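Below is one structure, written out as structure tokens; comments come after it.
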Number of protein chains: 2
Amino acid sequence: MAKIDIGRVFHALGDPTRRAIVDRLSTAPSSVSRLAEPLEITVTAVAQHLAVLEACGLVKTEKVGRVRTCRIESAGFDALQNWIAEHRTQWERRLDALREIVEDDE
Amino acid sequence: MAKIDIGRVFHALGDPTRRAIVDRLSTAPSSVSRLAEPLEITVTAVAQHLAVLEACGLVKTEKVGRVRTCRIESAGFDALQNWIAEHRTQWERRLDALREIVEDDE
């Protein structure tokens, strides 16, 4: 899989229907039509949401015979986690530096 | 701070300018006008982006005298991290269960 575009991951998850799809797939893989049912949207609409989720590495779909099965893909989640960790490291390092200055003054 | 709306966090970070603001603030707190400069947008536009980031717990702003200082707030990041962890736990538990079934069959 190519490098994940973190902006696309955030954009994809900003939509409540797409988060509902990710919720469902986290508990078990599913066919597209089974995903559509409780969401009360058309199979076409689900397929469009899946395309967005697939493009940013959050979901993987695979067609076997006539059924397309969807499952969670970890790449998008890994990218999210890395993004958070990088930012957290930056400001925690800064807070540690400030703490040292304060302690040196005491 | 009230409970974070994860949908708002994802929506907020789906915007490249808002991510640029979070990047900057991760390295150091900043005034609104200093944030605006390299982004080449108006102070008003930055203030609007900051309002979105503040509403979902990613940034905190504080006015001291005439200057509004902005800094990273960890609440939004914590909410993101929890959301990822919850989903990851679900599908990893499922994969573990599958693995056990396979091993039992061997």
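The values are calculated or read from the model by the stated rules, or taken from the named source; none is laboratory data. Here the structure is a predicted model, which is why all the values come from computation and not from measurement. Note that we place each Cβ from the backbone using ideal geometry, even for glycine, and neighbour counts take in every protein chain shown.
Residues that are under 18 Å from A:Thr27 (Cα atoms), within 12 Å of another protein chain (Cβ to nearest Cβ), under 12 Å from the mean Cα position of the chain (by Cα) and assigned to a helix (DSSP H, G or I) are absent from the range A:47-61 altogether. When the residues of the range B:26-43 are filtered to those that are within 8 Å of chain A (Cβ to nearest Cβ) and part of a helix (DSSP H, G or I), which remaining residue is surrounded by the fewest Cβ atoms within 10 Å (Cβ to Cβ)? Among those that are within 8 Å of chain A (Cβ to nearest Cβ) and part of a helix (DSSP H, G or I), it is B:Thr27. Out of A:Cys70, A:Cys56, one residue alone is over 16 Å from A:Val9 (Cα atoms) and at pLDDT 95 or above. It is A:Cys70. Regarding the range A:72-85, can at least one residue be identified that is hydrophobic (A, V, I, L, M, F, W, C), touching a Ser or Thr at 6+ places or on another chain (Cβ under 7 Å) and outside any helix (DSSP H, G or I)? Yes, the range A:72-85 has at least one match.
Criterion first (part of a helix (DSSP H, G or I), within 25 Å of A:Ala20 (Cβ to Cβ), within 18 Å of the chain's Cα centre (by Cα) and acidic (Asp, Glu)) does B:Asp23 satisfy it?
Values: part of a helix (DSSP H, G or I): yes; within 25 Å of A:Ala20 (Cβ to Cβ): no; within 18 Å of the chain's Cα centre (by Cα): yes; acidic (Asp, Glu): yes.
No: the conditions fail for B:Asp23.
Counting the residues of the range A:1-23 that are crowded, with 16+ Cβ neighbours inside 10 Å, more than 10 Å from chain B (Cβ to nearest Cβ) and within 14 Å of A:Thr61 (Cα to Cα) gives 1.
Contact annotation: residue pairs with Cβ atoms under 9 Å, 6 or more positions apart or on different chains, pairing a residue in the range B:26-42 that is farther than 23 Å from A:Ala97 by Cα with a partner that is part of a loop (DSSP other than H, G, I, E, B), are B:Ala36/B:Thr42.
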